[in-house]
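Colleague: Okay, here's the structure, questions in a sec.
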Amino acid sequence: MAAMKNIVILISGRGSNMEAVVRAAKAEQWPARIAAVISNKADAKGLEFAASHGIPTAVVSNKDYPSREAFDAALQEVIDGFSPDLVVLAGFMRILTPGFVSHYENRMLNIHPSLLPLFPGLHTHEQALASGEKTHGATVHFVTAELDHGPLVDQVSVPVLPGDTADVLAARVLEQEWIMYPRAIRWFVEGRLKVEDGKVNIDRN
């Protein structure tokens, strides 16, 4: 039996993707434990959900540090206290420094609400509507120093429908995120993801 893997999840708000991961890990009995949920905001709603499920929580506020580098160093120290095999970004609204990213190379995942390489950064749903796209979606990728450009693990598409607003489109994408992100994390936990030459190979057997 493989050793249990430790997953640390970073959030800044409600953490609905974090909730989806916690529920899937329990329901599907992954060989992993959610070792901690950490936020840069003390009032993040997701911390309450994590605590109610017996998951350790921590807050590292970026407001307490003079620079991104100082914040990332403090955050890294807290994360590493939970011996993570995988760090999961679930609505963590911070741009991370290259040193932090390289420390977790090939063991930090993010989900981004667009079909990368389209629309990196913020306001993806507004951008998709403004550009007249017929499809939109979300991407799970390994995190690299270049924002929203890491090796792709999985993507899901949804239609852009007449009359869509950014909020309506965002909700349609989010429902698919809740399915795709836990699945991708499970692949990691089960040792099915290998990053080679900047591309992800998935063992689907």
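The values are calculated or read from the model by the stated rules, or taken from the named source; none is laboratory data. This one's a predicted model, so the numbers in the text were calculated from it and none came from an experiment. All Cβ positions, glycine included, derive from the backbone under ideal geometry; neighbour counts span all protein chains shown.
Colleague: Quick check on region 133-141. Is at least one of its residues aliphatic (A, V, I, L, M) and at pLDDT below 95?
Modeller: no
Colleague: Across region 180-197, which residue is nearest to residue 105 (Cα to Cα) among those that are of a type in the set (D, E, K, R) and not in a strand (DSSP E or B)?
Modeller: Among those residues, the one meeting the criterion is 197.
Colleague: Now a separate question. Return the residues of region 119-128 that are surrounded by fewer than 13 Cβ atoms within 10 Å (Cβ to Cβ) and in contact with an Asp or Glu (Cβ under 9 Å, 6 or more places away or on another chain); say none if nothing qualifies.
Modeller: Scanning region 119-128 gives a single hit, 121.
The rows are residues; the columns are (1) modelled with pLDDT of 95 or more; (2) among the aliphatic types (A, V, I, L, M); (3) more than 15 Å from the chain's Cα centre (by Cα).
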{"site": "31", "(1), (2), (3)": "yes, no, yes"}
{"site": "44", "(1), (2), (3)": "yes, yes, yes"}
{"site": "54", "(1), (2), (3)": "yes, no, yes"}
{"site": "63", "(1), (2), (3)": "yes, no, yes"}
{"site": "70", "(1), (2), (3)": "yes, yes, yes"}
{"site": "75", "(1), (2), (3)": "yes, yes, yes"}
{"site": "100", "(1), (2), (3)": "yes, no, yes"}
{"site": "112", "(1), (2), (3)": "yes, no, no"}
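Colleague: Select from region 148-174 the residues that are of a type in the set (A, V, I, L, M, F, W, C) and assigned to a loop (DSSP other than H, G, I, E, B) and list them in ascending order.
Modeller: 160, 161
Colleague: I've got another one for you. Given the conditions (1) in contact with a helix residue (DSSP H, G or I) (Cβ under 7 Å, 6 or more places away or on another chain); (2) farther than 26 Å from residue 144 by Cβ, and given that residue 51 satisfies all but one, which numbered condition is not satisfied?
Modeller: Failed condition: (1).
Colleague: Is one or more of the residues making up region 34-57 within 19 Å of residue 179 (Cβ to Cβ), in a strand (DSSP E or B) and free of Cβ contacts under 8 Å to residues at least 40 places away in the same chain?
Modeller: Yes - at least one qualifying residue is present in region 34-57.
Colleague: Filtering region 91-118 down to residues that are out of contact with any strand residue (DSSP E or B) (no Cβ under 7 Å at 6 or more places or on another chain) and farther than 11 Å from residue 147 by Cα, which residue is surrounded by the fewest Cβ atoms within 10 Å (Cβ to Cβ)?
Modeller: 102
Colleague: Shifting gears a bit: Within region 109-138, how many residues are closer than 22 Å to residue 182 by Cβ and assigned to a loop (DSSP other than H, G, I, E, B)?
Modeller: 4
Colleague: Something else: Looking at (1) charged (D, E, K, R); (2) outside any helix (DSSP H, G or I); (3) under 20 Å from residue 15 (Cα atoms), can you tell me which one residue 177 breaks?
Modeller: Looking at each condition in turn, residue 177 falls short on (2).
Colleague: Sticking with this structure for a sec: Any idea how many residues of region 184-205 are in contact (Cβ under 8 Å) with a residue 40 or more places away in the chain and either closer than 14 Å to residue 86 by Cα or in contact with a Pro (Cβ under 7 Å, 6 or more places away or on another chain) (or both)?
Modeller: Total satisfying the criteria: 12.
Colleague: Which of the residues belonging to region 1-55 are exposed (fewer than 15 other Cβ atoms within 10 Å of the Cβ) and among the aliphatic types (A, V, I, L, M)?
Modeller: 1, 2, 3, 4, 27, 42, 51
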